[in-house]
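Visitor: Quick one: this structure, given as structure tokens, is what I'll be asking you about.
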Amino acid sequence: MKYRVWDKITKRMYYPFTGDADELYLSLEGRICSEEEELESDGTHMAYRGYRMIPLVSIGTKDSIGKYVYDGDVIRISDNHSEAGEYVVRYENFQWVLREDKYLALQLYIKNKNFLSNYGLVVGNIYENPGYLKILERE
């Protein structure tokens, strides 16, 4: 499973195992943790940061240029498809959807498994680019 984490305080996206100075991990209990610079004497101290972190899971597919697609990503569907436009990827009611606005969403399970890799392009996400939140607010 691929995931990344949005830090609500620092407004920064973390990608696990990238050699980042402030590396994040999922504990065996499923908690988001980070390795602190000042470790305990046994060198294993982990600080829990779940109160400020939003875990974002990959939906398990890539876009048209080979970039993994995650919850909260904004996908642009190419103009040569009948559903052209920009959508927000969300996990709702136990399924992945492309949210078009407050009320309408395309169910990804109805599309074939290559739909996003053929027609979709990740153009941003609602966390690093909050202007895209307007997609979820429009009626």
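The values are calculated or read from the model by the stated rules, or taken from the named source; none is laboratory data. As the structure is a prediction and not an experimental result, all values here were calculated from the model. Reconstructed Cβ throughout: ideal geometry from the backbone, glycine too, with neighbour counts over all protein chains shown.
Visitor: For segment 90-125, which positions are farther than 17 Å from residue 65 by Cβ and part of a strand (DSSP E or B)?
Guide: 90, 91, 92, 95, 96, 97, 98, 99, 105, 106, 107
Visitor: When only residues in segment 71-89 that are in a loop (DSSP other than H, G, I, E, B) and over 16 Å from the mean Cα position of the chain (by Cα) count, which is surrounded by the fewest Cβ atoms within 10 Å (Cβ to Cβ)?
Guide: Residue satisfying both the conditions and the ranking: 82.
Visitor: Would you pick out the residues in segment 108-131 that are over 21 Å from residue 80 (Cβ atoms) and surrounded by fewer than 19 Cβ atoms within 10 Å (Cβ to Cβ)?
Guide: Within segment 108-131, 109, 124, 128, 129, 130, 131 meet the criteria.
Visitor: Give me the residue from segment 71-118 that is among the hydroxyl-bearing types (Ser, Thr, Tyr) and closer than 16 Å to residue 59 by Cα and, out of that set, modelled with the lowest pLDDT.
Guide: Restricting to residues being among the hydroxyl-bearing types (Ser, Thr, Tyr) and closer than 16 Å to residue 59 by Cα, the top hit is 109.
Visitor: Determine whether segment 129-139 contains at least one residue that is within 21 Å of residue 60 (Cβ to Cβ), not hydroxyl-bearing (Ser, Thr, Tyr) and not in a helix (DSSP H, G or I).
Guide: Taking every residue of segment 129-139 in turn, none turns out to be within 21 Å of residue 60 (Cβ to Cβ), not hydroxyl-bearing (Ser, Thr, Tyr) and not in a helix (DSSP H, G or I).
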